[in-house]
Amino acid sequence: MQGNTACAEGALAAGCRFFGGYPITPSTEVAEHMAAKLPKTGGVFIQMEDEIAGIAAVIGASWTGMRAMTATSGPGFSLMMENIGFAVMTETPCVLVNIQRGGPSTGQPTMSAQGDMFQCRFGSHGDYSIIALSPSSVQEMYELTIKSFDLADRFRVPVFLMADEIIGHMRERIEIPPSVPRVERKPLARGVLPFHPDEDLVPGFPQFGMGYGVHVTGLTHDERGYPCTTSPSLHEELVKRLVAKIESARHEIADYRVTNPDAEVVFITYGSPARSVEQVIHDNPSDRVGHLRFRVVWPFPEKTLWEFPNARVFLVPEQNLGQMAREIERHTSVPVISLPKLGGALHTPEELKRAMEAWR
Amino acid sequence: MRLVIDERRCKGCNLCTMVCPYRIFKPGTKPNARGIVVPELDRPERCANCRLQALYGRTLCGMCQMICPDQAIRWEEEKPGEATKVAIEF
Amino acid sequence: MTYADWLREDRLPHIYCAGCGNGTVINCTLNALDRMGWKKEETIFVSGIGCSSRAPGYIVTDSLHTTHGRALAFATGIKMANPALHVVVFTGDGDLAAIGGNHFIHACRRNIDLTVVCMNNQIYGMTGGQGSPTTPRGALSTTTPYGSQEPAFDLCELASAAGANFVSRWTSYHVKELTRAVHTGFETPGFSFIEALVQCPTNYGRRNKFRNVMDQIEYFKTHGILLQKVKRLREEGKPIPDDAIVLGDFVQRNRAAMGVRR
Ligand SMILES: Cc1ncc(C[n+]2csc(CCOP(=O)(O)OP(=O)(O)O)c2C)c(N)n1
Ligand code: SF4
Ligand code: SF4
Ligand code: SF4
Ligand SMILES: [Mg+2]
């Protein structure tokens, strides 16, 4: 199965019943598969007039209680930024798939990249936090898409599946489980104000059409949902809660894989570069090469770095100029070496081995 | 029923004075506590709603209420025992 | 029930300036809504950004106050996801025809079952009176200090050409007709577009020779001309005044529509 198809299959298995989007290479197969399958499951596929409308329709659909998603790549992702901020501010669960390609601008439409890792974290204006996952196999395209929906509903936040073109277009055998458990959206208890958070800082969801009579706005709002744009303390409290509900759960959200925790030389990866590192480990079993692979990239789980107590260096191969390497550097005193690669090709095992040599 | 202007809502735009066929609304003369010059009512009992709204069970005419941008015009039940003036025009 | 039952009493008075026509359009829309007998829990208001777009915040139903220009795209998602809901959109001339122009024509083309009420004050009210795509040629605004040089959009012609099932224009003076038009819009399956010309005394009237609110209402009253009359004048080869405001139902048809309740 192709990575993009696995993503769509994962969405369907997770109960996603709404897709709104706009075609863009290399993500289009996700939309095409949803267009074929959704009508047969009683769902809705709609090709909107642009990506701004795509994410807007997804947010609208989500308020009716549906699991909803869109899929895009760089240029479309840039267009979505304003409405992503809206989803954050209004605490709308939704899933955005970004099959990353080379940028800036139209860049390399058919080539792989990981250049949007900061954009998904910081791309919309204002302070906020989101959740981002990164699959490094077709199996994970399936699994992590399902996980994205659960996280979106649990935390009422946009969740990003930050894949890259290589994973999106790769073909592999995958195993599909007979049934998929599902985390339901916590409904708003009657009598509770619509934006009053529970202990986990997440408010119950007042689904449209259920008689809650809720006003949902992207303006700074109080717990009733009413705009209140002049109180500094109310704004500060709201923004801090939106960030804290994600950041304070980051170790619960964390999802990663560790190989050779006693290693001194440790690779840190997410997405397709993980595969080159796995090749290096496979080819050099006696070298005890360490590997920390993130399946969830944001919120950044800094404690995962402690899994390698003997680490003398973290080597970070990425298909960008060192975006996550920068984040890792903030959290450790171990030297962090970025191994950037642009243009679309994977890091070769030889390149990675050469980078290791210097640290023996 | 009694025609009232809700002084907490009225912003004194005088649009109501333009539309009443009976010219019940007159531009006000002095500002109220909120600094707003609320229109004055000239013999509001002439309004069809004061006389007939309860009987018909719906709002008649209603031009003033519809155009009032501030949702400030309404008809209130008279308190029992309150003296009511009935104006009948031919 | 009356229109007052649809208002969020705890949020009134609203933020609109004294004499702003938006409040009147809310009244007309809620009156029409009340006549439909729809339930509060099956009615959703959606809007973009602008003074006009603040209206849903004063209505008791579920409502979504979205981003500038995008209300129709959000509304499309809601309506397609749950066609049992009645979705009503409030928008402004800038919101609908400038930044949201593309969503507007595509929502008309899809003929999606929404009722869209545009409060056209011919200006960007909320941001302090900049020119909009419907600012008449020659009119003054903060960004057209020498008079607008750009020809304006005719929103009703645009909606008609793009495929809406019902298209109508009235003003904040014509409250009965406007209410009837919104009511017809609610009843019509497919995309219904109702343009309500409204006064913005603060940012349009003041700069354009309307000394007070009543002057602009008077202008709507005296310059309004029914579409039927315009057609007749045209047939008779008689001139139609340049500053005429053409009022009436532009289109009422039954093109294939999307998102209609089954
Ligand atoms: C993307 C974006 N650009 C600009 C603005 C600033 N803005 C807020 S309201 C507005 C104009 C609104 O005009 P209109 O839709 O006519 O509404 P009105 O206030 O006149 O009712 C603009 C430009 C914004 N909020 N978002
Ligand atoms: S309802 Fe009609 S008659 Fe009565 S006060 Fe209002 S405008 Fe005048
Ligand atoms: S129309 Fe309404 S707000 Fe304006 S003056 Fe009359 S009562 Fe007051
Ligand atoms: S600025 Fe204009 S449109 Fe906005 S509330 Fe004031 S009068 Fe109304
Ligand atoms: Mg405007």
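What to note about this one:
- Here's how it looks for A:I337: its modeled amide H is under 5 Å from those of A:F314, A:L315, A:V316, which are all 5 or more places away or on a different chain.
- From phi via Karplus (6.51, -1.76, 1.60), per-residue ³J(HN,Hα) for region A:158-168 in Hz, x at Gly/Pro: x, 10, 10, 9, 8, 8, 10, 4, 4, 5, x
- For chain A, the longest principal axis of the C-alpha atoms and the axis of helix A:28-37 are separated by about 50°.
- The trypsin sites (Lys or Arg not before Pro) of region A:158-188 that meet both conditions, a loop assignment by DSSP and at most 15 other Cβ atoms within 10 Å of the site Cβ, are A:R173, A:R182.
- In terms of surrounding Cβ atoms within a 10 Å radius of their Cβ, A:V265, A:V313, C:V89, A:V239 rank from fewest to most as A:V239, A:V313, A:V265, C:V89.
- Calculated on alpha-carbon atoms, Rg and Dmax of region C:217-262 in Å: 15.7, 47
- Among beta bridges identified by DSSP and lying wholly in the protein assembly as shown, the antiparallel ones come to about 25 percent.
- Distance between the 7 Å Cα→Cβ label points at A:L321 and B:R34: 5.7 nm.
- Part-to-part distance (alpha-carbon centres) for region C:25-90 and region A:120-166, which is given in Å: 30 Å
- Cα centroid separation, region A:168-209 to region A:272-325: 30 Å.
- Kirkwood Rh in Å, taken over all unlike Cα pairs in region A:257-357: 13.3 Å
- Selected from A:A163, A:A263, A:A189 as most flexible by GNM, with chain A as the system and alpha-carbon contacts under 10 Å: A:A189
- When every Cα-Cα distance of region C:1-83 is counted in 10 angstrom steps from zero, the calculated P(r) takes the values 17, 50, 31, 3 percent.
- Applying 1/(1 + (r/R0)^6) with R0 = 51 Å to the Cβ-Cβ distance of A:A358 and A:A36 gives a FRET efficiency near 0.55.
- Considering only alpha-carbon pairs that sit under 8 angstrom and 6 or more positions apart, the relative contact order computed for region C:121-235 is 23 percent.
- Take every Cα pair under 8 Å whose residues are at least 6 apart in sequence, average their separation, divide by the length of region A:1-253, and the relative contact order is 20 percent.
- Applying 1/(1 + (r/R0)^6) with r as the Cβ-Cβ distance of B:L60 and A:E184 and R0 = 41 angstrom yields a FRET efficiency of 0.20.
- Restricting region A:296-355 to trypsin sites (Lys or Arg not before Pro) that sit in a DSSP loop and have at most 10 other Cβ atoms within 10 Å of their own Cβ leaves A:R330.
- Segment A:R173-A:Q47, length gained on full extension (0.36 nm per residue, minus Cα span): 42.4 nm
- Inter-label distance for A:H251 and C:E157, nm, one decimal - labels placed 7 Å from Cα along Cα-to-Cβ: 6.7 nm
- Neighbours of C:I49 by Cβ distance under 14 Å: Lys/Arg scored +1, Asp/Glu scored -1, total -1.
- Chymotrypsin sites (Phe, Trp or Tyr not before Pro) within region A:25-97: DSSP coil, no more than 11 neighbouring Cβ in 10 Å: none
- Debye-sum result for chain C in log10 I(q)/I(0), which assumes one identical scatterer on each alpha carbon, at q = 0.09, 0.15 Å⁻¹: -0.36, -1.05
- Built amide H within the under 5 Å cut-off of C:F250, gap 5+: C:V167, C:S168, C:R169
- Chain A: angle of helix A:138-155 to the longest principal axis, Cα-based, in degrees nearest 10: 40 degrees
- Degrees, to the nearest 10: A:51-63 long Cα axis against longest axis of chain A: 60 degrees
- For the protein assembly as shown, Kirkwood radius (reciprocal of mean inverse C-alpha pair distance, Å): 27.8 Å
- Using the Cβ of C:N102 as centre and a radius below 9 Å, the other residues enclosed give a net charge of -2, where K and R count +1 and D and E count -1.
- When the Gaussian network model of chain B links Cα atoms closer than 10 Å, the mean-square fluctuations of B:A48, B:A33, B:A72 top out at B:A33.
- Translational diffusion coefficient (Stokes-Einstein; Kirkwood radius from C-alpha pairs) of chain A at 20 °C, 1.002 mPa s, in µm²/s: 103 µm²/s
- Local electrostatic count at A:T110 - Lys and Arg +1, Asp and Glu -1, tallied over other residues with Cβ under 14 Å: -2
Since every read-out is calculated from the coordinates, none of them should be taken as a lab result. Bear in mind that the values here come from a model prediction, so they are computed numbers and not experimental data. Note that each Cβ is placed from the backbone with ideal geometry, even for glycine, and that neighbours are counted across all protein chains shown.
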